[in-house]
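Here's the structure we're looking at; comments come further down.
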Amino acid sequence: MSRIGLQPIDIPEKVEVSIADNNLATVKGPKGELTQQLPQEMAIKIEENEILIERPSEQKRMKSLHGLTRSLLFNMVEGVTNGFTKKLVITGTGYRAQKQGNKLTLNLGYSHPIEMEDPEGISVEVPDQLTIVISGADKQQVGNYAAVIRDQRGPEPYKGKGIRYEDEHIRRKVGKTGK
């Protein structure tokens, strides 16, 4: 039984939710507008200030889609009301980040700086040279762009140099020992 799928989603004030044919969900709020195609098998009902999702049968696939549909809708509502943020921390001598207009410039020990342009709907802030804050309404886009930035120089296990998430723990290895 999907316990997540059974929970109703509260619709806050200033948020409009509409479900079109074939379960095309559109959510509008103060932080923007999100549209996503949800699984067609699920029955989505909007009653007063709640969204209810019902599944047609007890098959394993339907149970899986039940929880997935509820999570996707909840993330859309949460994104247009509060938004999502990811914070990246840069560690290493000479490693730094700069923001110029809508371009992020990373100096990560390579022979050249890496320039990345911000995707639409995502805002990137650099409060100091060693911190990058990515925020936006779409949870998937924010996480994906944070992963793309992190992949430019992922953290290495010996000295911990590179780009890591703020809450990420790097398992450190012991280096060589001399005789």
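The values are calculated or read from the model by the stated rules, or taken from the named source; none is laboratory data. Fair warning: this is a prediction, and the values are worked out from it, not measured in the lab. As a convention, Cβ positions derive from the backbone with ideal geometry for all residues, glycine included, and neighbour counts pool all protein chains shown. Note: areas computed on protein heavy atoms with side chains; ligands, DNA, RNA excluded. Shrake-Rupley method; radii C 1.70, N 1.55, O 1.52, S 1.80 Å.
Taken as a whole, the structure leaves residue 120 outside the set of residues that are loosely packed, with under 14 Cβ neighbours inside 10 Å, touching a Pro at 6+ places or on another chain (Cβ under 8 Å) and either in contact (Cβ under 8 Å) with a residue 12 or more places away in the chain or not in a helix (DSSP H, G or I) (or both). Just one of (1) open to solvent by 40 Å² or more (accessible area, probe 1.4 Å); (2) part of a loop (DSSP other than H, G, I, E, B) fails for residue 33. It is (2). Just wondering, is there one or more residues in region 50-60 that are surrounded by 14 or more Cβ atoms within 10 Å (Cβ to Cβ), modelled with pLDDT of 95 or more and assigned to a strand (DSSP E or B)? No, because not a single residue in region 50-60 is surrounded by 14 or more Cβ atoms within 10 Å (Cβ to Cβ), modelled with pLDDT of 95 or more and assigned to a strand (DSSP E or B).
Matching residues to (1) under 19 Å from the mean Cα position of the chain (by Cα); (2) more than 17 Å from residue 161 (Cβ to Cβ); (3) modelled with pLDDT of 95 or more:
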| position | (1), (2), (3) |
| --- | --- |
| 86 | yes, yes, yes |
| 92 | no, no, no |
| 101 | no, yes, no |
| 105 | no, yes, yes |
| 109 | no, no, no |
| 120 | yes, yes, no |
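Residues in region 105-116 include at least one that is closer than 24 Å to residue 142 by Cα, touching a Ser or Thr at 6+ places or on another chain (Cβ under 7 Å) and among the acidic types (Asp, Glu). Taking region 8-23 as the range and being surrounded by 14 or more Cβ atoms within 10 Å (Cβ to Cβ) and over 19 Å from residue 82 (Cα atoms) as the test, the residues that pass are 19, 23.
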